[in-house]
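In what follows, a single structure is set out as structure tokens and then discussed.
Since every read-out is calculated from the coordinates, none of them should be taken as a lab result. All values derive from a computational prediction rather than experimental measurement. When we count neighbours, we look across all protein chains shown, and the Cβ atoms used for this are built from the backbone with ideal geometry, even at glycine.
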Amino acid sequence: MVHTDLHYLNILAKTGTSAAGEADAKEYVAIDPQAQVGDAEFAVAPCLWNRLEDLPHRNAEAGLRRRASHLAQAAGLDEELTVAWTIVREVENALCYLEEAENSGDAQRSLWVASTMAGKTLPDLPAAHELKALH
């Protein structure tokens with residue numbers, strides 16, 4: 001089973017108290033799984049399309065690829081498969097967004113992530129920090 005909506009707002013710290021009486025968050029729990037059967041690498045994409053504003057202003061593209069690499073490594077996932085699933089998911093998202101005119105900003109964000117992960121960001125898209133934020 002794969003968590004298809006795994007992103008920063010769906011990961012909560014489980015807090016406890018350390019021996020010194022301080023708040024301690026050593027465990028985390030994922031909520032709102034929207035589960036489906038598939039490769040674990042499928043789950044990384046939402047952590048890439050969320051919080052683009054946190055990418056470095058200088059070379060956000062490299063920052064996104066580093067984020068993907070770090071997430072895949074931390075989870076013991078295949079990095080190439082992580083990239084491939086991210087591209088597939090974001091192209092699918094963009095196509096869905098383009099069905100309705102009011103979602104063009106969301107489509108641009110999806111196309112930016114997909115093309116950046118594919119190795120060549122589409123030239124007519126806004127810069128990462130100008131893209132519509134996903135909340």
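Directionally averaged projected area (the chain, Cα convex hull): 9.7 nm².
Dipole size of the chain about its Cα centre, with +1 on Lys/Arg Cβ and -1 on Asp/Glu Cβ: approximately 400 debye, rounded to the nearest 20.
Based on alpha-carbon centroids, what's the gap between region 47-62 and region 80-96 in Å, whole number please? Cα centroid of region 47-62 versus Cα centroid of region 80-96: 17 Å apart. Taking all Cα pairs closer than 8 Å and separated by 6 or more residues, the relative contact order of the chain comes to 23 percent.
So what is log10(I(q)/I(0)) for region 64-135 at q = 0.22, 0.24, 0.26 1/Å, when the Debye sum runs over its Cα atoms only? Per q value, in the given order, log10 I(q)/I(0) is -0.96, -1.08, -1.18. Considering only Val37, Val91, Val113, the mean-square fluctuation computed in a Gaussian network model of the chain, springs between alpha carbons under 10 angstrom, is largest for Val37.
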